[in-house]
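Take a look at the structure set out below.
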Amino acid sequence: MTGKASGPGRWFFWVLAVLVLLTALPACAEKEPAAVMEGILVYQHKSNYYLYTKGEGGQIYTLPAQAPVPEGELAVGQKVKVNYDGSVMEIAPPALGEIDSIDILGQASEEELQEGLTYFNTQIKPWHLDGEGERP
């Protein structure tokens, strides 16, 4: 007796092994975010942070305070990289879609933070948080 299995039992084992490998391999692959956005957290209000991104005139996006942050806690003045699904909710100010994670890149310089705060305080806060102004 050689101990080798033969017949239907052997085929069943190989088919089962291949099926297990095919279902396990995709789960092992690291999920890549669909989009990445970098900016500075310029303000926190209740359960949202406001992310200032440089670009054509600047832009503010809202982020939920409970978003996953693997290496610490979010705070105003941090430079961050947001890994998200690529969708942006068309509300004012716009909110990023499903956030996979937020990476803290370090502290923004005083000049960078002041630029973002100035934009936020003149373009967003008066009409969004204070409710006294009109939307620009």
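The values are calculated or read from the model by the stated rules, or taken from the named source; none is laboratory data. No experiment lies behind these values; they were computed from the predicted model shown. Note: ideal-geometry Cβ built from the backbone for every residue, glycine included; neighbour counts use all protein chains shown.
Computed values, structure above
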{"read-out": "Filtered residue count, the stretch 12-62, keeping only those that are modelled with pLDDT of 70 or more and surrounded by 11 or more Cβ atoms within 10 Å (Cβ to Cβ)", "value": "24"}
{"read-out": "Every residue from the stretch 87-131 that is surrounded by 13 or more Cβ atoms within 10 Å (Cβ to Cβ), under 18 Å from residue 67 (Cβ atoms) and charged (D, E, K, R)", "value": "100, 103"}
{"read-out": "Output for the stretch 52-79, where each listed residue is under 16 Å from residue 104 (Cα atoms), touching a strand residue (DSSP E or B) at 6+ places or on another chain (Cβ under 8 Å) and assigned to a loop (DSSP other than H, G, I, E, B)", "value": "65, 67, 68, 69, 70, 71, 72, 74, 75, 76, 77"}
{"read-out": "Members of the stretch 60-84 that are more than 12 Å from the chain's Cα centre (by Cα) and in contact (Cβ under 8 Å) with a residue 24 or more places away in the chain", "value": "60, 71, 72, 74, 75, 76, 77, 78, 79"}
{"read-out": "Selection from the stretch 80-104 of residues that are touching a Lys or Arg at 6+ places or on another chain (Cβ under 8 Å) and either within 11 Å of residue 41 (Cα to Cα) or part of a helix (DSSP H, G or I) (or both)", "value": "104"}
